[in-house]
Amino acid sequence: MKILVINAGSSSLKYQLLNMEDEAVMATGIVERIGETVGNLTHKAYPDTDAEKKVAKEEEIKDHKIAMHMVLDLITGSEAGVIKDPKEIDAIGHRVVQGGEAFTSACVVDNSVKVAIADNNPLAPLHNPANLMGIEVAEELFPGTPNVAVFDTEFHSSMPPKAFLYALPYDYYKELRIRRYGFHGTSHKYVCNKVAELMGKKVDEINVITVHLGNGCSMAAIEKGKCMDTSMGMTPLAGVMMGTRSGDIDPAIVSYIAESKNIGIDEMDNILNKQSGLKGICGLNDMRDIHSAVANGDEMAKLALDMFAYRVKKYIGSYTAVLGSIDAIVFTAGIGENDDVTRAAICQNFSGLGIEMDFDKNNGRKGEPTPVHTDASKVQVWVIPTNEELQIAQESMALLN
Ligand code: ADP
């Protein structure tokens, strides 16, 4: 079975074609700046196991339909093609950010599914309309091929009300659907299943805390394979500190800043989402730049790093309490997989909770699943590269089979 995975953003389109017989990536790429005067496309194809062909294009790409056409031409073309006919693609799996309460699992797209996705637009105005557009373009270009929607929120739909409700007037939950939804669900689910497999356990036998640290950061408390709590909230702004997002703050700060600085809602939104987090403290949001700055004696970069690790550590502590006991912690995504210094800072002085990192094993970037705990550690600590595309493809395949 060949599955094309699509992640459509408002001006971008990421794609990956997978051969599910061996879960190999056949082609992958991204189209960016769709709708701008100059757009660009980067395509990588793997026609043979050890051959990589790269194609880069820079030209005006008016809309998502044209972008998808370009992708289709590349996938089936002579230059860097991997299939002959689009009909060889058995299904298209789409990442959809916000499933709301309507979707607790992936589903094959029909009209009612599209209406329900659009109904969630107010909850994810930057993402859901773009995701839906990706589905509609795929329907047009691949007639007869099933489309599957896989939601970022679905893995978190098992949270109990005491975890997903905010202590606000209850009517707001009913009227405005204000609640914690959580995000990065495909990543949390993928690494949770993977760690169970690596530990030789069934996922319903273990409790896991998954720590996804990328540009966006989120954590999940997972009991026997079911998410009990997660750090992102109604939007991906909540939870731990991120590259440019504040994560949790005292909500009263918002009106205090707005009044003191005489600024409106849009600017406040920009401050919390784009000017805060690591960047707000030290002016840098990329962890690699922060480490270079620390090495050059930048005190504010050091402070940003300390704050970041401290907040993740607090969540691990509170999720250990939520779960009663834990069997494993998994680090994943850009920082989680590559940044040994941050992982070590998070796992310092954790033996009271049975978490003992082996700092030698932790050293270095991890391109493959790696255990980084001591033999004596009660809790296993793993670094596992995430693979959201594969998770989407697997869910699409499971549904169609
Ligand atoms: P996204 O959330 O956009 O998918 P990623 O998962 O790619 O982001 O993570 C991006 C983050 O990973 C950035 O902060 C980047 O600095 C960090 N990162 C990537 N490689 C390294 C590295 N070798 N050392 C430290 N941080 C890294």
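Being among the hydrophobic types (A, V, I, L, M, F, W, C) and not assigned by TED's automatic domain parsing to the domain that holds Met287 holds for only one residue in Ala238, Ala220, Ala196, Ala252, and it is Ala196. So Met242 clears everything in (1) more than 17 Å from the chain's Cα centre (by Cα); (2) closer than 26 Å to Leu303 by Cβ except one condition, right? Which one? The single condition Met242 does not satisfy is (1).
Looking at the stretch 163-174, is at least one residue surrounded by 20 or more Cβ atoms within 10 Å (Cβ to Cβ) and under 22 Å from Ala102 (Cβ atoms)? Within the stretch 163-174 (the criterion being surrounded by 20 or more Cβ atoms within 10 Å (Cβ to Cβ) and under 22 Å from Ala102 (Cβ atoms)), the answer is yes, since at least one residue qualifies.
Residues in the stretch 119-131: is at least one in contact with a helix residue (DSSP H, G or I) (Cβ under 6 Å, 6 or more places away or on another chain) and of a type in the set (A, V, I, L, M)?
So in the stretch 119-131, the residues in contact with a helix residue (DSSP H, G or I) (Cβ under 6 Å, 6 or more places away or on another chain) come out as 120-121, 128-129.
If we keep only those that are of a type in the set (A, V, I, L, M) as well, we get none.
Within the stretch 119-131, none of the residues are in contact with a helix residue (DSSP H, G or I) (Cβ under 6 Å, 6 or more places away or on another chain) and of a type in the set (A, V, I, L, M).
Consider the stretch 359-380 and keep the residues that are surrounded by 13 or more Cβ atoms within 10 Å (Cβ to Cβ) and charged (D, E, K, R). The one that is farthest from the ligand (Cβ to nearest atom) is Lys378.
Okay, residues lined up against (1) modelled with pLDDT of 95 or more; (2) out of contact with any strand residue (DSSP E or B) (no Cβ under 6 Å at 6 or more places or on another chain); (3) farther than 26 Å from Pro236 by Cβ:
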{"position": "Met26", "(1), (2), (3)": "yes, no, yes"}
{"position": "Lys53", "(1), (2), (3)": "no, no, yes"}
{"position": "Glu58", "(1), (2), (3)": "yes, no, yes"}
{"position": "Ala80", "(1), (2), (3)": "no, no, yes"}
{"position": "Gly93", "(1), (2), (3)": "yes, no, no"}
{"position": "Val97", "(1), (2), (3)": "yes, yes, no"}
{"position": "Asp110", "(1), (2), (3)": "yes, yes, yes"}
{"position": "Lys114", "(1), (2), (3)": "yes, yes, no"}
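Of the helices (runs of 4 or more DSSP H) lying entirely inside the stretch 296-358, the ones with 3 or more residues being within 16 Å of the ligand (Cβ to nearest atom) and closer than 16 Å to Pro371 by Cα are found at 333-338, 340-347.
Among Ile253, Ile263, which is the only one that is free of Cβ contacts under 8 Å to residues at least 12 places away in the same chain, among the aliphatic types (A, V, I, L, M) and outside any helix (DSSP H, G or I)? Please lay out each step first, then the result.
Details: Ile253 fails: outside any helix (DSSP H, G or I).
Every option except Ile263 fails the conditions.
So which residues in the stretch 138-162 are surrounded by 15 or more Cβ atoms within 10 Å (Cβ to Cβ) and either of a type in the set (Val, Ile, Thr) or assigned to a helix (DSSP H, G or I) (or both)?
Ala138, Glu139, Leu141, Thr145, Val148, Val150, Thr153, Glu154, Phe155, His156, Ser157, Ser158
Scan the stretch 285-295 residue by residue and report those that are outside any helix (DSSP H, G or I) and closer than 18 Å to Arg343 by Cβ. Steps first, answer last, please.
Here is the first cut: in the stretch 285-295, the residues outside any helix (DSSP H, G or I) are 285-286.
Asp286, the sole residue that qualifies.
Taking the numbered list (1) within 16 Å of the ligand (Cβ to nearest atom); (2) outside any loop (DSSP other than H, G, I, E, B); (3) not acidic (Asp, Glu) in turn, Phe183 passes all entries but (2). The condition of being in a strand (DSSP E or B), β-branched (Val, Ile, Thr) and buried (at least 17 other Cβ atoms within 10 Å of the Cβ) holds for only one of Ile92, Ile135, that being Ile92.
Where residues in the stretch 41-65 are part of a loop (DSSP other than H, G, I, E, B) and of a type in the set (Ser, Thr, Tyr), which of them is nearest to Gly29 (Cα to Cα)? Out of the qualifying residues, it is Tyr46.
Does Ser105 fit the bill of being assigned to a loop (DSSP other than H, G, I, E, B) and at pLDDT below 95? Before the answer, list the steps.
Details: assigned to a loop (DSSP other than H, G, I, E, B): yes; at pLDDT below 95: no.
Considered against the rule, which asks whether it is assigned to a loop (DSSP other than H, G, I, E, B) and at pLDDT below 95, Ser105 comes out as no.
The values are calculated or read from the model by the stated rules, or taken from the named source; none is laboratory data. From a predicted model like this one, the values you see are computed outputs, not experimental measurements. Please note: Cβ atoms are built from the backbone with ideal geometry, for glycine as well, and neighbour counts cover all protein chains shown.
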